[in-house]
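Trainee: Below you will find the structure I want to go over with you.
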Amino acid sequence: MRYPAIIRFSAFFTIIVLFSYCKKPTEFKEIEVDNLFSLQVPVYLHPTGDLMPDNIPNIHQYDDSLGNICLLIFDTSRIGFEIPTLKIFYDSMVANPVMDSAHILAPELVKIDNDSAYESEITGKHNNARLFGELAAIASKDRFYFILTWSSLDRRDVLKQDMYKMLHSFHDMSHLKK
């Protein structure tokens, strides 16, 4: 039995559409930073010094060499630090966003690596580019951490799961690994 051309074309078109929308899962690697923490990051992210000035201490910077996705991790000791609570630390970190017209969703209190964390999403503009990002402020026993990952707003659907995985793979090295 021969199928009419329209049915063959429809079947061929459906297969092409299905293959084009099937996203290959992102491959991740674990990075350990200064014996303080580890994090799962996409294999395409690499250390950089181009996102923030080099003179800012305790900033760990990663990007994909093309600037399509960026990751900043800030860590600081809680010992002798003037900020007493996670909420105050979170508020201080998001108080002056570098994005124009920044909109930060209300933070959600979650657990990351068994530590309390405030997690949120940010959108805005920087140099006329529309951006979105995922962020988390984490309070471990001895340290505060702030993680921010961002990209172009038009890549949100493609990258949101990868960003979520990065934030939630955070592990403070002072904890026993699960």
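Trainee: Heavy atoms of the protein only, probe of 1.4 Å, neighbouring chains included. What is the accessible area of Glu30 in Å², nearest 10?
Mentor: 90
Trainee: Pairs of alpha-carbon atoms within less than 8 angstrom and 6+ residues apart define the contacts here; what relative contact order does the range 30-178 have, in percent? The partial results should precede the final answer.
Mentor: Working: 269 pairs, mean separation 37.6, N = 149.
Rounded, it is 25 percent for the range 30-178.
Trainee: Check the straight Cα-Cα distances from Lys141 and name the aspartates and glutamates below 13 Å, setting aside those fewer than 8 residues away within the same chain.
Mentor: Asp75, Asp113, Asp115, Asp172
Trainee: Counting only protein heavy atoms and using a 1.4 Å probe, what share of the accessible area of the range 56-178 belongs to carbon plus sulfur, as a whole percent?
Mentor: Roughly 52 percent of what the probe reaches on the range 56-178 is carbon or sulfur.
Trainee: Here is a further query. Please report the net charge: other residues with Cβ closer than 10 Å to the Cβ of Pro107, K and R +1, D and E -1.
Mentor: On the way: positive: Lys87; negative: Asp91, Glu108, Glu119, Glu121.
Charge balance in the 10 Å sphere: -3.
Trainee: When Rg is the radius of gyration of the Cα atoms in the range 20-131 and Rh is its Kirkwood radius, what does Rg/Rh come to?
Mentor: Numbers: Rg = 15.8 Å, Rh = 16.4 Å.
Rg/Rh for the range 20-131 comes to 0.96.
The values are calculated or read from the model by the stated rules, or taken from the named source; none is laboratory data. This one's a predicted model, so the numbers in the text were calculated from it and none came from an experiment. Glycine also receives a Cβ, built like all others from the backbone with ideal geometry; neighbour counts cover every protein chain displayed. Note: areas computed on protein heavy atoms with side chains; ligands, DNA, RNA excluded. Shrake-Rupley method; radii C 1.70, N 1.55, O 1.52, S 1.80 Å.
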